[in-house]
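The values are calculated or read from the model by the stated rules, or taken from the named source; none is laboratory data. Note that the coordinates shown come from a computational prediction; the quantities given were computed from them, not determined experimentally. For neighbour counting, all protein chains shown are included, and Cβ atoms are generated from backbone atoms with ideal geometry for every residue, glycine included.
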Amino acid sequence: MVISCNLGIVFIYFLQSKPITPTSAPDEGDIFSEEGSYIRSDVHHATNGLHSDEELDLFTGISLHRCTMTRNDIMVKCYLSHQHTSVQSLEATVELTLTNTTSQGRREIIGPTASACNTTHVPNSILKPSIVTKTMEELEEEESGDQFELNIAVTNPEKIGDGMNAYMSYKVSTQTTLPMFLNKTFSVRRRFSDFLGLYEKISAKHSLLGCIIPPPPQKSVVGMTKVKVGKEDSSSAEFVEKRRAALERYLQRVVAHPSLLQDPDVREFLERDELPRAVNTQALSGPGLLKMINRASDAVNKMTIKMNESDNWFESKLQEVENEEQLLRRLHAAVDSLVNHRKELCINTAVFSKIVAMLGSVEENSALSRALSQLAEVEDKMEQLHQQQAFSDFFILAELLADYVRLLGAVRCCFEQRMKVWQRLQEAQSTLQKKREAEAKLLWANKPEKLQQAKDDINEWESKVSQYERDFERVTCTVRKEVLRFEKEKARDFKQHIVKYLESLLHTQHRLVKCWEAFLPEAKAIA
Amino acid sequence: NMTSISEDSDKEKMRSVSVDLNNDASLVIDIPDALCERDKVKFTVHTKTTLSSFQKPEFSVPRQHEDFIWLHDTIVETEEYAGFIIPPAPPKPDFEGPREKMHKLGEGESSMTKEEYAKMKQELEAEYLAVFKKTVQVHEVFLQRLSSHPMFRKDRNFQIFLEYDQDLSVRRKNAKEMFGGFFKNMVKSADEVLISGVKEVDEFFEQEKNFLLDYSIKIKDATAKAEKMTRSHKNVADDYNHISGALNNTAADNNTAFKKHLEKCAEVFEKLRKVEDRMASDQELKLTELLRYYTRDIQAAKDLLYRRARALADYENSNKALDKARLKGKDVAQAEENQKQCLQKFDKLSESGKKELTSFKARRVVAFRKNLIEMTELEIKHAKNSVSLLQGSIEILKSN
């Protein structure tokens with residue numbers, strides 16, 4: 001497969017011994033049971049014989065491909081697409097070169113160098129060349145073709161300990177064909193503070209570069225206290241489920257991010273048996289995180305320094321992001337209201353069902369009595385339907401919106417980072433200016449002994465300025481890329497969830513039809 | 001603000017919570033339309049008759065709720081009708097719900113977007129219409145119960161109500177002066193005690209009494225719970241409305257792919273809301289209203305039992321008085337006459353009471369059957385609409 005782009009020709013080659021098969025339907029009880037998933041299996045690609053000596057990283061060119069959800073377990077699986085395939089069974093090295101993309105945020109497609117240890121380098125002469133030229137667009141379309149699989153699930157919450165020192169431990173299971181992991185399937189146990197710790201590490205490293213860091217799920221003192229105290233009721237079960245699902249989505253977003261997936265801390269989190277206890281996670285409580293994000297946007301707003309033309313994109317984009325955050329908040333509130341009312345409907349239907357049953361038992365006419373008990377059963381079934389629907393309302397729609405409100409906050413942080421870098425550049429430039437003025441003054445005042453120092457200073461600050469200029473360029477490029485990636489994923493995410501939600505509604509309505517159709521003859525039988 | 005309702009195909013289904021009471025062509029009554037002016041409803045009562053007691057074969061008059069109450073009260077106070085189940089008076093039109101909404105709408109107008117305002121107005125209109133339909137139905141049924149009853153249909157006041165083409169309020173005031181506090185004659189609170197306390201000889205009435213006492217409690221409870229359930233259902237429909245609005249707002253600010261998905265979703269919610277609303281209001285009209293009606297009807301049946309129990313008590317008292325008179329040797333003839341009359345009254349009430357209660361049973365069963373079938377058919381229809389709506393939208397979204 002060959003990609004040609006604006007800045008040069010790139011060749012990819014690999015030798016493939018067999019087509020990549022998608023993960024087949026696994027056994028019963030496998031947490032990754034796949035309903036309705038698809039992976040393209042037509043992954044034959046041509047080969048060519050060129051490779052570069054650039055140090056390339058393995059999985060930069062991946063994106064969140066498709067989320068599927070199983071019935072009620074609402075397990076979202078991420079299929080990572082790839083520009084090519086490289087499987088451990090291959091005998092040849094897969095190499096891919098790509099030149100830098102333009103700053104329009106085009107995808108940087110970079111491939112691996114020597115991948116897994118069981119590959120051997122095959123000389124060019126053996127490879128069958130077959131060059132296919134593709135444009136950037138075609139490439140992007142094709143990315144769904146090659147896929148590495150990385151499925152993550154968070155399951156089996158377990159309470160460890162008692163009383164106020166108790167905590168919930170979750171099983172984090174990974175199933176992957178990515179060679180950078182030691183195994184194909186593995187699992188570890190993690191607790192909530194571990195997830196917060198992961199966020200902190202990621203954030204410290206990547207946010208300065210302008211990456212959008214997915215925010216972790218929120219702390220909840222009330223929720224956790226109930227669990228600790230051992231309240232075995234439905235509200236604490238609900239809380240645990242809500243948290244479990246949120247942790248799962250969080251991890252899936254993290255690994256869907258090309259740079260984050262490569263972070264050794266992420267890998268360690270998924271793989272390592274024992275993780276050192278994360279401290280200092282206080283700052284990352286819900287309100288704490290929010291405060292941090294709000295401070296960020298305040299700082300950005302206070303920025304009065306006008307930047308150059310390209311900033312129009314950033315300025316208007318930031319405005320868009322802020323607007324959208326507000327609108328999604330309101331949408332979330334509306335959906336939240338729906339969830340509550342649906343739950344109320346559920347309760348009221350159950351209550352009504354019972355009284356109808358009682359009415360039926362008192363009724364003297366036997367046919368009517370029977371019909372009323374049947375009606376009570378119908379209402380009972382409807383209560384279950386409403387409950388399931390409320391579950392879908394919450395987990396498919398409400399949580400999606402809540403996640404995106406927080407994600408948009410993270411996007412704002414991203415812009416803030418860029419501003420910080422800009423500020424640093426400005427300050428350095430003004431310092432440089434001052435040093436130059438100082439030098440000029442010294443020349444004028446004819447103090448040669450201090451001149452050397454002044455020259456040294458100028459050199460120091462000149463190199464700083466150029467460093468910061470490069471940083472700013474890089475951050476600008478990254479932020480743009482990140483935003484575009486984010487928007488694409490957001491559109492995809494929303495579409496998938498909307499479809500899933502409508503399907504849940506459809507399912508409910510189907511069942512409703514069946515319930516009432518079963519009752520109709522009973523009603524007609526009244527004599 | 002005026003709203004009017006006229007014949008539509010669904011109204012056919014909404015006709016009566018009871019049996020089809022219009023099956024006797026000699027006197028057919030309906031309320032084809034009504035006007036709502038500032039929460040005062042003017043019903044158009046339309047009569048078609050072959051009876052010679054009426055001046056014309058077909059005519060219409062405007063009537064207010066108070067006129068219906070006047071008619072009901074005169075019938076209750078008519079001694080002759082003591083042995084009948086008096087059709088329950090229709091409840092006053094209750095526009096409290098829509099009024100509240102209208103108030104909220106007025107207050108929040110400045111803080112809402114144009115779309116939000118339009119949506120709330122929509123909701124308000126729907127709620128108004130629902131209350132309207134209910135009140136028309138319940139007033140209509142009241143008249144139809146009277147017209148289908150062999151004794152009530154001949155009632156003079158009933159005829160006046162149907163025919164008198166002037167404003168009834170003058171007559172009403174006179175009637176009130178005439179009857180005064182008669183209506184309060186019956187102390188309702190003594191009701192239950194008296195009925196349950198009566199030493200019942202007749203097996204039929206014993207059974208009826210026990211059944212009605214138990215049933216009335218349960219059906220009242222069922223009505224309240226049905227109301228709560230319907231209320232929740234309507235809240236869900238309202239939420240769909242708000243979600244649709246919020247989705248459109250979010251879409252307005254956006255770029256292509258995202259925008260299209262949101263708009264499509266908004267459209268689905270909008271349509272679903274209509275269906276959900278219909279589901280809720282049809283359930284209310286058929287089931288909740290049925291339960292409400294029979295709660296009142298059962299009360300009317302209990303009132304009959306009460307009157308009979310009072311007659312029995314009077315008879316027993318007259319017996320005691322007769323014994324006393326015989327002992328004293330004074331006013332025996334008078335006491336005998338009194339006793340005879342009490343017995344007659346009691347027997348008459350028992351006889352007609354038995355007939356009334358028997359036909360009441362049958363009527364109740366038929367009414368439940370009719371309404372349960374209609375409700376089920378409507379719910380199936382609405383659910384199927386939802387199914388095809390959702391299927392279509394999912395197709396479109398997936399293909400994009």
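Hey, among B:199, B:119, which residue is at pLDDT below 90, of a type outside the set (Asp, Glu) and either under 28 Å from residue A:354 (Cα atoms) or buried (at least 19 other Cβ atoms within 10 Å of the Cβ) (or both)? Talk me through it step by step, then tell me what you get.
Details: B:199 fails: either under 28 Å from residue A:354 (Cα atoms) or buried (at least 19 other Cβ atoms within 10 Å of the Cβ) (or both).
Checking each option against the conditions leaves just B:119.
For residue A:375, indicate whether it is over 30 Å from the mean Cα position of the chain (by Cα) and within 9 Å of chain B (Cβ to nearest Cβ).
For residue A:375, the condition - over 30 Å from the mean Cα position of the chain (by Cα) and within 9 Å of chain B (Cβ to nearest Cβ) - is met.
Note on segment B:337-380: residues that are away from chain A (no Cβ under 11 Å), in contact (Cβ under 8 Å) with a residue 40 or more places away in the chain, among the aliphatic types (A, V, I, L, M) and surrounded by fewer than 17 Cβ atoms within 10 Å (Cβ to Cβ) total 0. Six or more apart or on different chains, Cβ atoms under 9 Å: show the pairs whose first residue is in segment A:343-369 and within 7 Å of chain B (Cβ to nearest Cβ) and whose second is not in a helix (DSSP H, G or I). Cβ pairs passing all conditions: A:365/A:526; A:365/A:527; A:368/A:526; A:368/A:527.
Against the numbered list (1) surrounded by 15 or more Cβ atoms within 10 Å (Cβ to Cβ); (2) of a type outside the set (Phe, Trp, Tyr); (3) closer than 30 Å to residue A:312 by Cα, residue A:470 comes up short only at (1).
So is residue A:340 polar (S, T, N, Q), more than 8 Å from chain B (Cβ to nearest Cβ) and farther than 21 Å from residue A:518 by Cα or not?
Numbers: polar (S, T, N, Q): yes; more than 8 Å from chain B (Cβ to nearest Cβ): yes; farther than 21 Å from residue A:518 by Cα: yes.
Here the answer is yes, as residue A:340 does meet what is asked.
Selection of segment B:52-69 for residues being surrounded by 16 or more Cβ atoms within 10 Å (Cβ to Cβ), touching a Leu at 6+ places or on another chain (Cβ under 9 Å) and not in a strand (DSSP E or B) yields B:54, B:67, B:68.
Just a yes or no: is a residue in segment B:257-267 of a type in the set (D, E, K, R), away from every other protein chain (no Cβ under 14 Å) and out of contact with any Phe, Trp or Tyr (no Cβ under 7 Å at 6 or more places or on another chain)? For segment B:257-267, residues of a type in the set (D, E, K, R), away from every other protein chain (no Cβ under 14 Å) and out of contact with any Phe, Trp or Tyr (no Cβ under 7 Å at 6 or more places or on another chain): absent.
Counting only residues that are aliphatic (A, V, I, L, M) and surrounded by 19 or more Cβ atoms within 10 Å (Cβ to Cβ), which one in segment A:483-494 is nearest to the other protein chains (Cβ to nearest Cβ)?
Here the answer is A:491.
Evaluation of residue A:155 against the conditions (1) crowded, with 17+ Cβ neighbours inside 10 Å; (2) outside any loop (DSSP other than H, G, I, E, B); (3) modelled with pLDDT of 85 or more shows that the sole unmet condition is (1).
Counting only residues that are hydroxyl-bearing (Ser, Thr, Tyr) and in contact with a Ser or Thr (Cβ under 9 Å, 6 or more places away or on another chain), segment B:281-326 holds 5 of them. Of all the criteria given as (1) within 30 Å of residue B:206 (Cα to Cα); (2) more than 8 Å from chain A (Cβ to nearest Cβ), the one not satisfied by residue B:388 is (1). Is it the case that segment B:282-300 has a residue that's in contact with a Phe, Trp or Tyr (Cβ under 9 Å, 6 or more places away or on another chain), within 28 Å of residue B:397 (Cα to Cα), within 14 Å of chain A (Cβ to nearest Cβ) and crowded, with 23+ Cβ neighbours inside 10 Å? No, segment B:282-300 contains no residue that is in contact with a Phe, Trp or Tyr (Cβ under 9 Å, 6 or more places away or on another chain), within 28 Å of residue B:397 (Cα to Cα), within 14 Å of chain A (Cβ to nearest Cβ) and crowded, with 23+ Cβ neighbours inside 10 Å.
If you go through segment A:495-519 and keep only what is at the interface with chain B (Cβ under 7 Å from one of its Cβ atoms) and closer than 16 Å to residue A:398 by Cα, you end up with A:495, A:498, A:499, A:502, A:503, A:505. Look at (1) in a helix (DSSP H, G or I); (2) over 34 Å from the mean Cα position of the chain (by Cα); (3) acidic (Asp, Glu) and you find that residue A:364 fails only one, number (1). Taken over segment B:74-103, the criterion of being of a type in the set (Phe, Trp, Tyr) and touching a residue at least 60 places away in the same chain (Cβ under 8 Å) is satisfied by B:81, B:84.
Matching residues to (1) at pLDDT 95 or above; (2) more than 30 Å from residue A:325 (Cβ to Cβ):
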site: B:226; (1), (2): yes, yes
site: B:237; (1), (2): no, no
site: B:255; (1), (2): no, no
site: B:284; (1), (2): no, yes
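For segment A:500-511, check the following and say yes or no: at least one residue is touching a Lys or Arg at 6+ places or on another chain (Cβ under 7 Å) and part of a helix (DSSP H, G or I). Within segment A:500-511, not a single residue is touching a Lys or Arg at 6+ places or on another chain (Cβ under 7 Å) and part of a helix (DSSP H, G or I). Taking (1) within 14 Å of chain A (Cβ to nearest Cβ); (2) modelled with pLDDT of 90 or more in turn, residue B:399 satisfies each apart from (2).
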